[in-house]
Amino acid sequence: MADLRDLGLSEYEARSYRALLRTGPTTAKELSRASDVPMGRIYDVLNTLEQYSLVRSQAASRPKKYVAVEPDTALDRLLEDKRKELEEKARQYEGIVDELVDELDASEPVEGQFWTAAVGPDETVDLLLERLAAADRHIVMVAGTSSVQFDLGEVGELVVEELEQALDRGVEVLLLMSPELVETLPPSVGDRYADYLVDHPQFQVRTTDNVSGTFNLIDDTEVCIEVPNPLDPGETFAMIDLKDPEFASDVRRVFDPRWESAEELSLSLSG
């Protein structure tokens, strides 16, 4: 159940404001009795409520009287205060993140082999986007069959956004596809890639018959391999991310001659 304390008021402040709504204009002493807030605290509570602009006082009267601001106005003011507080916290957290990025990037990466796997559509997409976002120098995308990265709708758009950000970071992106895959892609996918990527000098697309499977090579140190669903090869079942510079180097040696012999493709991908 919602409570005024959820918007930042203390228990005494919430009780005093609610009591003022019931009593109408009243003195601090009368409010103390109506709200069960101790007399020794009531003036501090009222001062705070005035600072929040939730009550108004009639200083000319003796004794001084207080009245509650209308609930709609009071709640709007509390909400605005919370928004400002959250925006300030967000700025503080952004500053902390900026500092930590510099600090953590300065650390030497741990060398050696490491692999992880994601199973299921959401987990697979999350892993793919994470690894694309981690690229510093090169992204090699190889797609011989239907792939999650060319999915219609939101997934494809998210991949395009990650590639666009990678290009902005100075990352080179090479995309190698089979002609069969190009022919099966709907125009909307080709338009999305063409609109954002085709004219970028760091982005190239080629096609070749000499490609099978679907994987991404990141910075020549790790390989993200899509695993097709054994019951429906047109769907992605899982993704394996293998960080192994030696294996990645072997993959690059196989990729390079196929890339050199592939035909350049003028996007749109819709053909």
* Asked: Which one of these does LEU21 not meet: (1) among the aliphatic types (A, V, I, L, M); (2) farther than 14 Å from LYS65 by Cα; (3) over 39 Å from the mean Cα position of the chain (by Cα); (4) surrounded by fewer than 18 Cβ atoms within 10 Å (Cβ to Cβ)?
  -> (2)
* Looking at (1) crowded, with 16+ Cβ neighbours inside 10 Å; (2) modelled with pLDDT of 90 or more; (3) basic (Lys, Arg), which is the only condition ARG169 fails? -> (1)
* Residue tally, condition at pLDDT 75 or above and either β-branched (Val, Ile, Thr) or closer than 26 Å to ASN229 by Cα (or both), over segment 96-112 -> 3
* **Unmet requirement for TYR52, which otherwise passes all of (1) surrounded by 14 or more Cβ atoms within 10 Å (Cβ to Cβ); (2) over 17 Å from LEU9 (Cα atoms)** => (2)
* Confirm whether ASP241 is under 24 Å from ASP126 (Cα atoms), out of contact with any Leu (no Cβ under 7 Å at 6 or more places or on another chain) and at pLDDT 75 or above. => no
* To do: Pick out, from segment 31-139, the strands (runs of 3 or more DSSP E) lying fully within it that include 1 or more residues that are in contact with a strand residue (DSSP E or B) (Cβ under 6 Å, 6 or more places away or on another chain) and closer than 30 Å to GLU162 by Cβ.
  => 114-119
* Structure fact -> Residue hits (segment 28-48; closer than 16 Å to LYS65 by Cβ, of a type in the set (Lys, Arg) and surrounded by 12 or more Cβ atoms within 10 Å (Cβ to Cβ)) are ARG33
* Determine whether LEU269 is outside the structural domain of LEU128 (by TED's automatic domain parsing) and either modelled with pLDDT under 75 or among the aromatic types (Phe, Trp, Tyr) (or both). => yes
* Please work out if ARG253 is assigned by TED's automatic domain parsing to the domain that holds LEU132 and modelled with pLDDT of 90 or more. => yes
* To do: Evaluate the following for VAL160: is it β-branched (Val, Ile, Thr) and modelled with pLDDT under 85?
  => yes
* Exclusive hit being farther than 24 Å from ASP126 by Cβ and at pLDDT below 90, set ALA194, ALA143 -> ALA194
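The values are calculated or read from the model by the stated rules, or taken from the named source; none is laboratory data. Please read all numbers here as calculations on a predicted model, not as lab measurements. In this analysis, Cβ positions are derived from the backbone assuming ideal geometry, glycine residues included, and neighbour counts consider all displayed protein chains.
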